[in-house]
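The values are calculated or read from the model by the stated rules, or taken from the named source; none is laboratory data. Nothing here was measured: the structure is a model prediction, and the numbers come from that model. Here Cβ is always computed from backbone atoms with ideal geometry, including for glycine, and neighbour counts include all displayed protein chains. Note: areas computed on protein heavy atoms with side chains; ligands, DNA, RNA excluded. Shrake-Rupley method; radii C 1.70, N 1.55, O 1.52, S 1.80 Å.
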Amino acid sequence: QVRLVESGGGLVQAGGSLRLSCAASGQFTSLNTMAWYRRAPGKQREVVATITPGGTPDYADAVKGRFTISRDNSEATVYLQMNSLKPEDTAVYSCYCRKYNSWGQGTQVTVSS
């Protein structure tokens, strides 16, 4: 099993930036594909970005060019750099480990207009 703990959420004005972190413990290895998801109020959870063990990223169309996912395998941490934030980015952001189907508790991101 893998335990995931997110941090870095908060309140930011439109156009601002935040950096989310997801610290993994347990059986996490560099071979795990990791992802960030988000769930906005009244909406279904959606994938934001994924990163393969080799570091290849993939992004939802809504965040391409604004968000960057990265990983530090030595620190067992995955990051989500979010720039040019918009009010529609407001959501609870959660980290996900595909191999173990494990979720973090989530961190709230609120973008004010």
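For this structure, a couple of remarks:
- Segment 99-113 - residue that is of a type outside the set (Val, Ile, Thr) and under 13 Å from CYS22 (Cβ atoms) and, of those, surrounded by the fewest Cβ atoms within 10 Å (Cβ to Cβ): GLN105
- Some residue of segment 36-46 being within 19 Å of ARG3 (Cβ to Cβ), surrounded by 14 or more Cβ atoms within 10 Å (Cβ to Cβ) and not small (Gly, Ala, Ser): yes
- Yes/no for LYS43 being modelled with pLDDT of 95 or more, assigned to a loop (DSSP other than H, G, I, E, B) and of a type in the set (Lys, Arg): yes
- Sole exception among (1) outside any strand (DSSP E or B); (2) under 17 Å from PRO87 (Cα atoms) for TYR37, by number: (1)
- Taking residues in segment 24-52 that are under 24 Å from VAL109 (Cα atoms) and of a type in the set (Lys, Arg), and partners anywhere that are open to solvent by 50 Å² or more (accessible area, probe 1.4 Å) and part of a strand (DSSP E or B), the pairs with Cβ atoms closer than 9 Å and at least 6 places apart or on different chains are ARG38/GLU46; ARG38/VAL47; ARG38/VAL92; ARG39/GLU46; ARG39/VAL92; ARG45/TYR37; ARG45/ARG39; ARG45/VAL92.
- Number of the condition not met by PHE67 [criteria: (1) open to solvent by less than 50 Å² (accessible area, probe 1.4 Å); (2) in contact (Cβ under 8 Å) with a residue 40 or more places away in the chain]: (2)
- Condition check for MET82: within 14 Å of THR107 (Cβ to Cβ) and either touching a residue at least 24 places away in the same chain (Cβ under 8 Å) or open to solvent by 20 Å² or more (accessible area, probe 1.4 Å) (or both): yes
- THR29, sole failed condition from (1) assigned to a strand (DSSP E or B); (2) of a type in the set (Val, Ile, Thr); (3) at pLDDT below 95: (1)
- Restricted to segment 57-77, and to residues there that are at pLDDT below 95 and over 18 Å from GLN105 (Cβ atoms), the residue that is nearest to the chain's Cα centre (by Cα) is ARG71.
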